[in-house]
Amino acid sequence: MFPRNAWYVAAMPDEIAADKPLGRRICGEPMALYRDEHGLVAAVEDFCPHRGAPLSLGFVQSGKLVCGYHGLAMGRDGRTCSMPCQRVRGFPAIKAYPVAERYGFVWVWPGDPAQAREQDIPVPIWWDKPDWAYGGGLYHMKCDFRLLVDNLMDLTHETYVHSTSIGQKEIDEAPVATRMEEGVVVTERYMEKIYAPPFWRMAMQANDLDPDAQVDRWQICRFVPPSNVLIDVGVALQGHGGFHAPDDKKVHSVVVDYITPETETSCWYFWGMARHFKADDAALTDTIRTGQGKIFAEDLEMLERQQANLLHWPQRQLLKLNIDTGGVMARKIVDQLLAAERPGVGAPA
Amino acid sequence: MFPRNAWYVAAMPDEIAADKPLGRRICGEPMALYRDEHGLVAAVEDFCPHRGAPLSLGFVQSGKLVCGYHGLAMGRDGRTCSMPCQRVRGFPAIKAYPVAERYGFVWVWPGDPAQAREQDIPVPIWWDKPDWAYGGGLYHMKCDFRLLVDNLMDLTHETYVHSTSIGQKEIDEAPVATRMEEGVVVTERYMEKIYAPPFWRMAMQANDLDPDAQVDRWQICRFVPPSNVLIDVGVALQGHGGFHAPDDKKVHSVVVDYITPETETSCWYFWGMARHFKADDAALTDTIRTGQGKIFAEDLEMLERQQANLLHWPQRQLLKLNIDTGGVMARKIVDQLLAAERPGVGAPA
Amino acid sequence: MFPRNAWYVAAMPDEIAADKPLGRRICGEPMALYRDEHGLVAAVEDFCPHRGAPLSLGFVQSGKLVCGYHGLAMGRDGRTCSMPCQRVRGFPAIKAYPVAERYGFVWVWPGDPAQAREQDIPVPIWWDKPDWAYGGGLYHMKCDFRLLVDNLMDLTHETYVHSTSIGQKEIDEAPVATRMEEGVVVTERYMEKIYAPPFWRMAMQANDLDPDAQVDRWQICRFVPPSNVLIDVGVALQGHGGFHAPDDKKVHSVVVDYITPETETSCWYFWGMARHFKADDAALTDTIRTGQGKIFAEDLEMLERQQANLLHWPQRQLLKLNIDTGGVMARKIVDQLLAAERPGVGAPA
């Protein structure tokens, strides 16, 4: 189950070409995404009302999505515009989804269109700021999106899964605190007077800081309902205020985890990093992207095998330790969103 | 569901070697096809009555199908002939299927053997005529055989799926008419005063006609129950009578689509072309086969993805437009055949 | 269904490294096998009590199995030993399985631990004898383990499946006798005054016997419950007493078939040969292993396809001929073991 009345990242903008639709299943619903004559993204069910062919196998012509089987032309509202030698007025409509290209991503709203408001799409902190740079990628994961949220809200796994890059023993040992902040679950960890792990040594070097110096390190994970996680991460030269240190004493960035359910047991993982240093260095963006891609691939096997285990033992209860509080609270919010969407549950009067 | 009391193409003759059986599932039933001591094809269940091994993994010896596991020798009637050191008289029989090698194909009757009459196998128009040549191939398709019948009875898809070979805008625009003719569904389309698409330009050239000349083009699709489609196709120099033009003013052929259900959602597609020009030109046969193979491979992805869509949305009704009438009438006939096979339904008195 | 209160071969010893666990499903149960600080093999459920990750993705440290996700350290008794910054006393235990490394294999007891007695693991005849040599391998087979037992208790299949190596017409023709002997099913076949098939010609040559001489050949199959088969095989120069001939007149060995159910329709096949000739010749061990590997791969396709056939026709009865008696009696014993394990069935008073 996934909340439907919510904005999810559907695609990266360059996945949808000018003349070629993209087929993608989101929250269980196969969708065809395409660009109309103005270049604006549209999203409709991936089902031609004529004979049920997937519209995503077709092409875009004059801003309409043309079915590649018999030429039915579909509009962005889910109504058929035309079909050779046919009167199409009586053709049944298919679902059209609210969709918006914002902040470097294409967002879709799988639920009740009447409730979709584009202004609810959260503005990322790095958006439109020239001193930030963003790079990222997309993975398909065969696991419930909530397993990935758990993963990102409990970074003690870095010590084990990512021991050669961002993991270090101190993560395990530092106390962690979780709280709610305006509907967002925040899990924080601060490690003081430590040595930076390989990834951060590289970042310090790139930022003209001595990689061998002692640092204060922070991880501030934010679960933004229904399914995304943004993590403030960084290191500052020891004793300069950590997260609050001046820019020339620290390197910091935001790990971006936009997660979109595909089915009950699979999801799309749009991962990336927005960094607040050397924003003009395109080669560094590529280096980080490559490194991050490797790190997140390490999670992939673990999560898919964890999913398989949970399917094998569906009755087993999992532990909810202090380190799991972020994930547990995130699931509670997801459950509340699901409950609110159940038929018969009205909005407050 | 598929009609069982019917002849289906089971194989091309050269798929069944002299000493090696062929295993193939037809109408849901795994069969072992082999040649007896006279070279005559036999078809039995692919199940050894001894321990259930597939007989198709065995070999043929002295005209019997020998199980490759423990040497049971099976006869073409489904009764065990012998087994080393065993008395086989009491062994349970397996099903034997009426089978016939006719007109360049091996045909099998999966239903009630008492109703099988070889003379009901339809004689193709090109059979035994030296001025016709045939070439073809076999595809496995993961779709209900009726989706392929629909495909072939509505050739407007050529404009989209086969836009670079046989498709052209005029197919979409020409009126289409469908009628019944002695138990066969006939869908006709005539396009006058047009330019030939690439495939037909090639054929005109091969037949010493000017490929740049204006032509009259025809497509006459015939659904022959339970599952085959034969299509008269051709072009004639414009104004010479089209389909009825003299041989030196036209090129024409029959697109052969013998379709055999494998399961509810998969089928065997024996495709080919019988042509009435340059019959002696073996190289041309190969060229056409290669071209046709590419064209029908274009249908494959579309039909398999359409099948997946229909399984995802099982409740949705499809449209039945005028262009779909051929497929709709074909399905009606299939439904009647199925109804007639239901237990308790007698033959007319 | 498989008996659970029994010792099964879980692995070959070198499959479990000092620092890396092995994940393997046995009798339907995913297990993680690893070596503790003494090098002793332990076996626990492949499920971390923290978040359900497979422990087999982790590593071994100080003799504990450490989960590769968040560092929980599991003991060989299925109780958590430690986890960074956590009190683990209340953590739920997971199953720990009795396990023993004996006689060249790792054995596991999936059932009630209270009934497991290591001394019940059968001592192989070749164990600890310097004039015997052993070599073997492991195959995964997608079939019910009982189909493989059937296969090995009826060697008439060698004539067909292994016609180029160990099969010969005389196997089919020689009478076979089956009897019970101290809980073990014994099926014997003796072929006198025959010529050796290729495998045995090679063995005779290796053992300085004339491969062209006439021989007496024997096959004595023993089904050792719940699932293993050991086969005395050999040839002796004709007229010297066959199985009882003096060592310089025969070549003989034991075909070892340790079979472990994975699921209802798949199993692990630990195959090998213990030979009583040229025990010091390591190159010969490799030659035999390679040859045997090829022979048993011939069974693989047959058995997997037989399994698929039996799933397609679940209602069909199979024949139980005299040659099948060994397999039939083996199944009867398996059924008795299963009945004895059913709840409410007590041990004899």
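Run down C:PHE270, C:PHE296, C:PHE277 and say which single residue is assigned to a loop (DSSP other than H, G, I, E, B) and among the aromatic types (Phe, Trp, Tyr).
Working: C:PHE270 fails: assigned to a loop (DSSP other than H, G, I, E, B); C:PHE296 fails: assigned to a loop (DSSP other than H, G, I, E, B).
Going through C:PHE270, C:PHE296, C:PHE277 in turn, just one is assigned to a loop (DSSP other than H, G, I, E, B) and among the aromatic types (Phe, Trp, Tyr): C:PHE277.
The single condition among (1) part of a loop (DSSP other than H, G, I, E, B); (2) in contact with a Gly (Cβ under 7 Å, 6 or more places away or on another chain); (3) among the small types (Gly, Ala, Ser) that C:SER253 does not satisfy is (1). Among the numbered conditions (1) within 27 Å of C:GLY167 (Cα to Cα); (2) in contact (Cβ under 8 Å) with a residue 40 or more places away in the chain; (3) facing another protein chain (nearest Cβ under 10 Å), the only one that B:ASP19 does not meet is (3).
Elements of the type strands (runs of 3 or more DSSP E) sitting completely within segment C:41-106 and holding at least 2 residues that are more than 12 Å from chain A (Cβ to nearest Cβ) and modelled with pLDDT of 95 or more: these cover C:41-45, C:64-66, C:99-102.
Rundown of residues vs (1) surrounded by fewer than 18 Cβ atoms within 10 Å (Cβ to Cβ); (2) facing another protein chain (nearest Cβ under 10 Å); (3) under 18 Å from A:HIS162 (Cβ atoms); (4) among the acidic types (Asp, Glu), yes/no style:
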residue: A:THR285; (1), (2), (3), (4): no, no, no, no
residue: A:GLN292; (1), (2), (3), (4): no, no, yes, no
residue: A:LEU300; (1), (2), (3), (4): yes, no, yes, no
residue: A:LEU310; (1), (2), (3), (4): no, yes, no, no
residue: A:TRP313; (1), (2), (3), (4): yes, yes, no, no
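Within segment C:76-105, residues that are closer than 25 Å to A:ILE171 by Cβ have Cβ atoms under 6 Å from residues that are β-branched (Val, Ile, Thr) and buried (at least 19 other Cβ atoms within 10 Å of the Cβ) in these pairs: C:VAL88/C:THR80; C:PHE91/C:THR80, counting only partners at least 6 apart in sequence or on another chain. Of all the residues in segment B:283-309, those that are without any contact (Cβ under 8 Å) to a residue 12 or more places away in the chain and of a type in the set (A, V, I, L, M) number 2. Listed conditions (1) closer than 27 Å to B:GLU301 by Cβ; (2) in contact with a His (Cβ under 7 Å, 6 or more places away or on another chain); (3) modelled with pLDDT of 95 or more are all met by B:MET141, apart from (2). Looking across segment B:25-40, the residues that are within 14 Å of another protein chain (Cβ to nearest Cβ), over 22 Å from C:LEU147 (Cβ atoms) and of a type outside the set (Val, Ile, Thr) come down to B:CYS27, B:GLY28, B:GLU29, B:MET31. Checked against the criterion of being small (Gly, Ala, Ser), within 22 Å of C:ILE26 (Cα to Cα) and touching a Pro at 6+ places or on another chain (Cβ under 6 Å), the candidates C:ALA100, C:ALA116 yield just one match: C:ALA116. Of the residues making up segment B:237-265, those that are surrounded by 18 or more Cβ atoms within 10 Å (Cβ to Cβ) and either under 24 Å from B:LYS294 (Cβ atoms) or polar (S, T, N, Q) (or both) are B:VAL251, B:HIS252, B:SER253, B:VAL254, B:VAL255, B:VAL256, B:ASP257, B:TYR258, B:ILE259, B:THR260, B:GLU262.
Of a type outside the set (Asp, Glu) and within 20 Å of A:ALA6 (Cβ to Cβ) - does that describe any residue in segment A:288-308? If you could, list the steps in order and put the result at the bottom.
Restricting attention to segment A:288-308, the residues satisfying the condition of being of a type outside the set (Asp, Glu) are A:288-297, A:300, A:302-303, A:305-308.
Keeping just the survivors that are within 20 Å of A:ALA6 (Cβ to Cβ) gives none.
For segment A:288-308, residues of a type outside the set (Asp, Glu) and within 20 Å of A:ALA6 (Cβ to Cβ): absent.
Under the condition of being free of Cβ contacts under 8 Å to residues at least 60 places away in the same chain and not in a strand (DSSP E or B), the residues counted in segment B:198-224 number 11.
Take the residues of segment B:158-197 that are assigned to a helix (DSSP H, G or I) and crowded, with 20+ Cβ neighbours inside 10 Å: which is farthest from the chain's Cα centre (by Cα)?
Start the filter on segment B:158-197 by keeping residues that are assigned to a helix (DSSP H, G or I), which leaves B:158-161, B:169-173.
Filter again for crowded, with 20+ Cβ neighbours inside 10 Å, leaving B:158-161, B:171-172.
On the way: B:GLU158: 19, B:THR159: 23, B:TYR160: 23, B:VAL161: 20, B:ILE171: 24, B:ASP172: 25 Å.
For segment B:158-197, the residue satisfying everything is B:ASP172.
C:VAL9 - would you say it is in contact (Cβ under 8 Å) with a residue 40 or more places away in the chain, more than 11 Å from chain A (Cβ to nearest Cβ), in a strand (DSSP E or B) and surrounded by fewer than 23 Cβ atoms within 10 Å (Cβ to Cβ)?
Values: in contact (Cβ under 8 Å) with a residue 40 or more places away in the chain: yes; more than 11 Å from chain A (Cβ to nearest Cβ): yes; in a strand (DSSP E or B): yes; surrounded by fewer than 23 Cβ atoms within 10 Å (Cβ to Cβ): no.
No, not satisfied.
In the set (1) in contact with a helix residue (DSSP H, G or I) (Cβ under 8 Å, 6 or more places away or on another chain); (2) buried (at least 22 other Cβ atoms within 10 Å of the Cβ); (3) in the same structural domain as B:LEU72 (by TED's automatic domain parsing), B:PRO98 fails one condition alone, (2).
The values are calculated or read from the model by the stated rules, or taken from the named source; none is laboratory data. Quick caveat, the model's predicted, so the values are computed rather than measured. Every residue, glycine among them, receives a Cβ derived from its backbone with ideal geometry; neighbour counts consider all protein chains shown.
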